[in-house]
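Working notes, structure below.
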Amino acid sequence: MTAMEWVKSRFPVDQQSIILRLQEPVPNHLKRWWWCLGGMPAYLFIIQVITGVILAFYYVPEPSRAYESVARISHEIPLGWWVRSLHKWSANLMIVTVILHTMRVFFTGAFRAPRELNWIFGALLLIITLVFGFTGYSLVYEQLAYWGATVATNLADTVPLVGTYIARFIRGGSEIGPDTLTRFFVFHIGILPTLVLVFLSLHILMVRTHGVTELHFEDEDPKEKQTFRFYPDHILTELMIGVGLLIAISAVAVIWPPELSEKANPLVTPAHIKPEWYFYFTFRWLKIAGLNAAVLTLGLASAIFVFWPFADKALTRVFKRDLTVPLGIVAVLGIFALTIWEAMAH
Amino acid sequence: MSLNAKRIIVGLLSFLFLVTLIIVAWVEGLQERVGFDPLPVLSGDNRPCFTCHQEKTPGIAAQWADGMHAKVGVGCYDCHLAEKGDLDAWHHEGKLISTLVTPKDCGRCHKDISAEFQKSHHAKAGQILGSLDNVLGEIVEGPAAAHAGCQQCHGSKIAFQKDDRGEIKKDKNGKPLLEPTTWPNTGIGRLNHDGSIGTCSACHSRHRFSIEMARRPDNCGKCHLGPDHPQKEIYEESKHGIAFVTADQQGLMKMSEAEWVVGETYNSAPTCATCHVSATKNQPASHNPGARITWTLRPVVSKRQENWEDKKRAMVDVCGNCHAPDWIAGHYTQYDNAVNLYNDKFAKPAKRIMDALKKAKLVTATPFDDKIEWTYFYLWHHEGRRARMGASMMAPDYTQWHGFFEVAERFYQELIPEARELAHNHPQVEAVIAQVLEMEPHRWKKEMSQAELERVRSFYKQRYGQGEGAHPPAGTPPAQTPPPAETPPAAEPAEPTPQPTDHQPAPAKPSEV
């Protein structure tokens, strides 16, 4: 018995069938670069896992040592600056690509039946990605990150009925304290990655179940075959994008390594608190609408966003026309405007 | 795009990624390792020294390896190298070296610090030849006491063993033999054979040269303690010293940081170094600990330091990290008042009496051969310093019980009676003593007001239910002169006399002179 036969007799996996499954046809529009955004977040997530594990070797989630451990990673550990920089840039890019992917799916109506559940999983993945960004940024324990976390957990506090309990759960107490950082750490390296894996698996399972939404373009030749093979054709495209991304992230990681600003100081409120760029719009909205109104409207908007396929159906029934694109444009422009506004402000 | 084209692009991109990784490695090479604890560096010249001395003197080798010098590659030979013609130079394993490392040697790298230190009061501690302390040590006590005592703090005058022709003696290896009464010595004002003064190792103990050790109060305590200048005990009694113990135990002092700036690196407590040597946000560290001192508290009568206003500003800057301006000003008022009280009430009058006794030849020119000279010495050199130093560093017990109380006792109970005895039948000296006692601060001995006596009596009555506080305590020596007729009578002996305890000050009977 050869070694291969021994393995096969105990683990009956047919290589041919795997390749056959990988060779499933995907629609022709995936040949266009712009339509390959969905794979990029997954790709970046893998980079995040690898760099994150390396960072976790050295990071200490304890208020008195967190900042120092990040300083040590940045200044003492060989290549630590690079790994931290990759982690940061890849995180930002992941948020960008997830948002772009979501927009693509939204504006092409790819969320419609029978893909409603997949939209919900995707929408939850976007929210999880943002929470990932928030908890990761807070772990650095810089002054601005600390106060960003303070503002964010105060937001949770104002949610009606359950807000206080949610805020207490997130903070590990009535105020940001020694347990908060540990909690953020556990969210960041344990709970959120698990959630991503679960929803990502469901997301991909759904894609395999329903297939990729087929899109058609005017310049297409109708006589041409409508599909091409996932493996090796599309895999090679993704590989090209992947390696290109690695080069790009490495380049920005070297050119703009993340700095370490002032250490968190619970006794000194900074003159200007600012979150990371992807929360600018919520922060500006907070300033405009006031705490309670902002929390209510943002909660409502998030719920509509997650359950958009059903909202879309209801709106179409009421208004007798498809409002997805105009509403989407209004939402994107609104978020964009609020983000720019906050970015320009002190 | 064909599959092959894609494969080629992936290959090319992978190669590009490899180039990226090489760039990353190059940038990594440029990174500065901040805070990285490097391994000891042994340069070529130092390797043989270290290898051999790891066997011969393992402690010294290990201490060096633990210290900062090892980390930056400064080894044995870098400090112990000698130049041809140096008095203590000798050939050792192929190198010309010297046993002693003086501030001149340290100054090869630490030029400014060495120069600043050699101009400081610390470095002048060896110049005590004409002082009474030196007479005490060298003559009254004996040379061995001076060598093992005084000079281990003040510093010796480094000397070599000489043969009959006056040449420096050498051992069989050619090593010049140092005079053992002058070496070993780490006294801070050592007079070195190369013309330099002092020694850096007085504070920066070899061979580890720990910066933390130099900042710890224990380090200063090698010399600044004991009956005549108990600065370390005074510090320990003060709130500063108390705060330090806890802050140190809680790891808040950060004394091993390269930059140790009060108000920045640490806030919880000061050590001796904080106030007298180390940096603040507004001034750099100084190797002249006299740079922030306003009074000299050592002589019979305290004097203001030269440029004391500038020096006070430098100290107030240190205080300001933890104290408000009115707090600091209030402390200086209390301190200055205490020094002035000591000066005017006790030191100057005592000096006047001693000068009168000497002028009248009632005391010989030889120091310490008359009893009253010892009394006087205790008064200013021990008790007077304790009172002044206690006030300077906020130690209440040293200011009062170890200080002014003993000054007063020495003055009234010993110096004045002894002077009176010597001045018997010498009207000029007697007149001086009488004039001193006529001074306002001493008038209480002649006459304490009824109101004051009543205040004392009622205090004891109220506090302890006993009204006899104004009585002399048991065992008080009898008055040496009969009380003047006009002295008011003591309290009614209707109640039992309170026995003095630590908590019951027993004012002297107002009729003892």
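Table for the structure above
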{"read-out": "Chain B: relative contact order as a whole-number percent, Cα under 8 Å and 6+ apart", "value": "9"}
{"read-out": "Computed E for B:Lys170/B:Leu132 - FRET, C-beta separation, R0 35 angstrom, nearest 0.05", "value": "0.35"}
{"read-out": "Contact order normalised by residue count of segment B:97-246, Cα under 8 Å, 6+ apart, percent", "value": "21"}
{"read-out": "Stretchable slack from B:Lys95 to B:Glu28, in nm (0.36 nm times residue separation minus alpha-carbon distance)", "value": "20.2 nm"}
{"read-out": "Debye equation applied to the C-alpha atoms of the protein assembly as shown, log10 I(q)/I(0) at 0.07, 0.08, 0.09, 0.10 Å⁻¹", "value": "-0.82, -0.93, -1.04, -1.17"}
{"read-out": "Net charge over other residues, Cβ less than 13 angstrom from the Cβ of A:Thr51 (K, R count +1; D, E count -1)", "value": "+2"}
{"read-out": "Calculated FRET value between A:Thr316 and B:Asp248, using beta carbons and R₀ = 41 Å, to 0.05", "value": "0.05"}
{"read-out": "Pair A:Val60, B:Glu264: separation of 7 Å Cα→Cβ label points (nm)", "value": "2.3"}
{"read-out": "Segment A:101-109 - phi-based ³J(HN,Hα) in whole Hz, Karplus 6.51/-1.76/1.60, Gly and Pro as x", "value": "4, 4, 4, 4, 5, 5, 6, 8, x"}
{"read-out": "For segment B:154-278, the fraction of alpha-carbon pairs in successive 5 Å shells from zero, as %", "value": "2, 10, 15, 17, 15, 12, 8, 7, 6, 4, 3, 1, 0"}
{"read-out": "Distance-filtered residues of segment A:228-251 - backbone nitrogen under 18 Å, label point 7 angstrom along B:Leu16 Cα→Cβ", "value": "A:236-251"}
{"read-out": "Bridge type composition, the protein assembly as shown - antiparallel percent by DSSP, nearest 5", "value": "80"}
{"read-out": "Theoretical ellipticity at 222 nm over chain B - DSSP helices of four or more residues, -39500 (n - 2.57) apiece, nearest 500", "value": "-11000 deg cm²/dmol"}
{"read-out": "Coordinate range along principal axes, alpha carbons of chain A, Å, largest first", "value": "68, 65, 39"}
{"read-out": "Expected 222 nm ellipticity per residue - DSSP helices of 4 or more, -39500 (n - 2.57), all of chain A, to 500", "value": "-22000 deg cm²/dmol"}
{"read-out": "Amide H partners (placed H, <5 Å) of A:Val26, local residues excluded", "value": "A:Phe228, A:Arg229, A:Phe230"}
{"read-out": "3J(HN,Hα) from dihedral phi, segment B:46-63, Karplus parametrisation 6.51/-1.76/1.60, rounded to Hz, x for glycine, proline", "value": "8, 4, x, 4, 5, 4, 6, 6, 4, 7, 6, 10, x, x, 4, 4, 5, 4"}
{"read-out": "Other protein chain Cβ atoms within 10 Å, averaged over every residue that makes up A:226-236", "value": "2"}
{"read-out": "GluC sites (Glu not before Pro) within segment B:1-70: DSSP coil, no more than 10 neighbouring Cβ in 10 Å", "value": "B:Glu32"}
{"read-out": "Spin-label pair A:Gln226/B:Gln54, simplified geometry with 7 Å Cα→Cβ offset, distance in nm", "value": "7.9"}
{"read-out": "In order through segment A:207-212: 3J(HN,Hα) via Karplus (6.51 cos²θ - 1.76 cosθ + 1.60), integer Hz, x for Gly, Pro", "value": "4, 5, 5, 9, x, 6"}
{"read-out": "Cleavage-rule hits (GluC sites (Glu not before Pro)) in segment B:98-205: DSSP loop, at most 15 neighbouring Cβ within 10 angstrom", "value": "B:Glu167"}
{"read-out": "Gyration tensor verdict on segment B:100-209 (Cα atoms; rounded if a/c is under 1.5, prolate if a/b is larger than b/c, oblate otherwise)", "value": "oblate"}
{"read-out": "Rounded if a/c under 1.5, otherwise prolate or oblate - segment A:82-136, Cα gyration tensor axes", "value": "prolate"}
{"read-out": "C-alpha center-to-center spacing [segment A:65-106, segment B:324-344] in angstrom", "value": "58"}
{"read-out": "Average Cα contact separation per residue, chain A, under 8 Å, 6 or more apart, as relative contact order %", "value": "27"}
{"read-out": "Separation of the B:Lys119 and B:Lys162 label points, Cα + 7 Å toward Cβ, nm", "value": "3.4"}
{"read-out": "Amide proton proximity set for B:Leu178, modelled H, under 5 Å, gap of 5+", "value": "B:Gln161"}
{"read-out": "Neighbour cut-off at most 13 other Cβ (10 Å), DSSP loop, chymotrypsin sites (Phe, Trp or Tyr not before Pro), segment B:234-302", "value": "none"}
{"read-out": "Placed amide H near B:Lys157: partners under 5 Å, 5+ positions off or other chain", "value": "B:Leu191"}
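Coordinate-derived values only; no laboratory data. These figures come from a predicted structure and were not determined experimentally. Please note: Cβ atoms are built from the backbone with ideal geometry, for glycine as well, and neighbour counts cover all protein chains shown.
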